[in-house]
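Working notes, beginning with the structure itself.
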Amino acid sequence: MPVLALLDGTIADPTHPLVRVDDLGLMRGDGIFETVLVVDGKPRELEPHFDRLVRSAAMLDMPEPSRAGFDRATRAVLGNWTGGPEIALKWVYTRGVEGGDGTPTGFALGLEIADKVKRQRADGIAAVTLDRGFDADAAARAPWLLLGAKTLSYAVNMAALREADRRGAEEVIFTTSDGAVLEGPTSTLIAVSGRTLRTPPATIGILPGTTQAALFRAAEREGWSVKVEPIRVPELTEADGVFLASSVRKVTRVHTIDGTQLTDSTALHGELVRLYDSEY
Ligand code: PLP
């Protein structure tokens, strides 16, 4: 059963209406969110998630989210959780109601991890590359596109997943119009060659991933080299392994890209999962 809490720490019924119909988060997707993984009652990467919420709010010219408010809501969700050992904890923060006084709407919602995600963590996924329609300089040239902000406007990301499904795959690797690798619709891409982990820089218009950062931290500590640098699409099929990382999916192995089966990276995946888990 989902658990919903408001920023004053009050628990609310998630099956009852809460948000006004003229809330700009609902009307225009005008707002931001974060999804934090909680394992055995302990939130992972809490600080980086909150920092990213603040960064997204700044990019959207929204008031700075209250740390105390989201902490209260988080504690209330965790304290009332009766489900499994893992929680996908969502923080939602919208611009508030149309024509209102600008007070944002905020809440935290605890959800079970979907069975599909658990299956993908274990079995890996087939992905397709899809053009995101902008080039690698767009984020700097056109900041109003909000590339790299975690906004509630995920309709495009969800449409891309449906396109992947039509093409017989479960996931998407977005690319720029000039052939650089971006990210998944809800994940960060990591390519591994030998003992080197690589991920594209956030400056090309993607979200800086908290899971990727945690994995890179652990890997570096154990002597791997880590690089944040542009990756071209053909480099994916040449890598020893390609992975999609996010709070909820953790580190998931990509076994097929655009119908081409990649080198078997099952053993490598095991090593990366161990590294990631060693952070907690
Ligand atoms: N990129 C996008 C577009 C995302 O939506 C997400 C998470 O949902 C990520 C990357 C991965 O971020 P994190 O590892 O912080 O969950």
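Name the residue, out of LEU236, LEU215, that is in contact with a strand residue (DSSP E or B) (Cβ under 7 Å, 6 or more places away or on another chain), away from the ligand (no atom under 16 Å from the Cβ), open to solvent by less than 40 Å² (accessible area, probe 1.4 Å) and modelled with pLDDT of 95 or more.
LEU236
For a quick check of your reading of the model, give me the residue pairs whose first member lies in the stretch 61-86 and is within 15 Å of VAL38 (Cα to Cα), whose second is loosely packed, with under 13 Cβ neighbours inside 10 Å, with beta-carbon atoms closer than 7 Å and at least 6 apart or on different chains.
Hits for this filter: LEU78/GLY41; THR82/MET1; GLY83/MET1; PRO85/ASP40.
Consider ARG121 against the criteria (1) away from the ligand (no atom under 16 Å from the Cβ); (2) in contact (Cβ under 8 Å) with a residue 12 or more places away in the chain; (3) under 30 Å from THR266 (Cβ atoms): it satisfies all of them except one. Which criterion is unmet?
It fails just one condition, (1).
Considering the stretch 188-212 alone, what residues qualify as being surrounded by fewer than 18 Cβ atoms within 10 Å (Cβ to Cβ) and over 17 Å from the mean Cα position of the chain (by Cα)?
Result: SER193, GLY194, ARG195, THR196.
Given the conditions (1) part of a helix (DSSP H, G or I); (2) open to solvent by 10 Å² or more (accessible area, probe 1.4 Å), report the number of the one that SER153 does not fulfil.
Of the numbered conditions (1) part of a helix (DSSP H, G or I); (2) open to solvent by 10 Å² or more (accessible area, probe 1.4 Å), the odd one out for SER153 is (1).
Within the stretch 242-255, identify whether any single residue is open to solvent by less than 10 Å² (accessible area, probe 1.4 Å), among the aromatic types (Phe, Trp, Tyr) and in a strand (DSSP E or B), and answer yes or no.
Yes, the stretch 242-255 contains a residue that is open to solvent by less than 10 Å² (accessible area, probe 1.4 Å), among the aromatic types (Phe, Trp, Tyr) and in a strand (DSSP E or B).
Report, by residue number, each residue of the stretch 161-186 that is outside any strand (DSSP E or B), under 19 Å from ILE204 (Cα atoms) and either within 11 Å of the ligand (Cβ to nearest atom) or touching a residue at least 60 places away in the same chain (Cβ under 8 Å) (or both).
Hits for the stretch 161-186 are LEU182, GLU183, PRO185, THR186.
Can you pull out the residues in the stretch 156-187 that are within 30 Å of THR105 (Cβ to Cβ), small (Gly, Ala, Ser) and either touching a helix residue (DSSP H, G or I) at 6+ places or on another chain (Cβ under 7 Å) or open to solvent by 20 Å² or more (accessible area, probe 1.4 Å) (or both)?
Once the filter is applied, which keeps residues that are within 30 Å of THR105 (Cβ to Cβ), small (Gly, Ala, Ser) and either touching a helix residue (DSSP H, G or I) at 6+ places or on another chain (Cβ under 7 Å) or open to solvent by 20 Å² or more (accessible area, probe 1.4 Å) (or both), the stretch 156-187 yields only ALA159.
The values are calculated or read from the model by the stated rules, or taken from the named source; none is laboratory data. Nothing here was measured: the structure is a model prediction, and the numbers come from that model. Quick reminder, even Gly has a Cβ in these numbers, built from the backbone with ideal geometry, and neighbours come from all protein chains shown. Remember, those area values only see protein heavy atoms, side chains included, never the ligands or the DNA or RNA. Shrake-Rupley method; radii C 1.70, N 1.55, O 1.52, S 1.80 Å.
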